[in-house]
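First the structure, in the form of structure tokens, and then the observations on it.
Nothing in this text is a laboratory measurement; each read-out follows from the coordinates by a stated rule. Since the model is a prediction, treat every value here as computed from it, not as a measurement. All Cβ positions, glycine included, derive from the backbone under ideal geometry; neighbour counts span all protein chains shown.
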Amino acid sequence: MAAWAVFVWATRIDNAWGDHKASLASKWGATLLSLSFLVLAAATVVSLVRARGRAWTSGEAALLRAFAGWTTAVWLVFGTLIVVHHHPIAFKAVHVALGVISIGLSIALWRSVDRSRVEAGAGGLAVGPSDVR
């Protein structure tokens with residue numbers, strides 16, 4: 001999911017700054033939103049590398065859930081806006097596909113955290129990053 005987020009949101013920054021019709025405020029808005037995803041992706045990778053070979057901490061689980069939740073929320077809002085506004089059908093199709101893939105990865109990430117908490121019981125997380133599918 002982190003690699004996917006880097007692909008999607010780094011591309012968004014490039015597209016925003018390459019759009020000569022977009023306002024400076026629009027470019028910065030797109031950049032700041034994209035940076036929120038890039039920071040979460042980087043923090044996720046760092047956490048998963050550090051957790052290699054051990055169970056996830058509750059802080060790592062919270063980070064993974066925040067990443068998944070933020071991704072889902074943003075795509076639901078922006079996906080809806082893209083679909084209802086006057087954009088070419090190809091633009092809508094591409095962005096709906098990006099959103100569906102992103103939300104699918106978010107669900108898988110969230111479920112892996114939930115599964116690890118169930119398997120660990122009340123004592124903590126027994127399943128580590130190698131169990132993310």
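List of remarks:
- Here is how the number arises for the chain: DSSP H runs of 4 or more residues each give -39500 (n - 2.57), the sum is divided by the residue count, and the result at 222 nm is -27500 deg cm²/dmol.
- Note on residue 85/residue 32: beta-carbon distance plugged into 1/(1 + (r/R0)^6) with R0 of 22 Å gives a FRET efficiency of 0.60.
- When Kirkwood radius over Cα pairs in Å is computed from the coordinates, the matching label among (1) 16.7; (2) 16.0; (3) 15.2 is (2).
- Using θ = phi - 60° in the Karplus curve 6.51 cos²θ - 1.76 cosθ + 1.60, the 3J(HN,Hα) couplings for region 62-77 round to 5, 4, 4, 5, 4, 4, 5, x, 4, 4, 4, 4, 5, 5, 5, 5 Hz; x is entered for Gly and Pro.
- Protection-proxy order for peptides 66-75, 5-14, each taking the mean of Cβ atoms within 10 Å per residue, highest first: 66-75, 5-14
- Taking Cα atoms only, the orientation of helix 89-120 departs from the longest principal axis of the chain by about 10 degrees.
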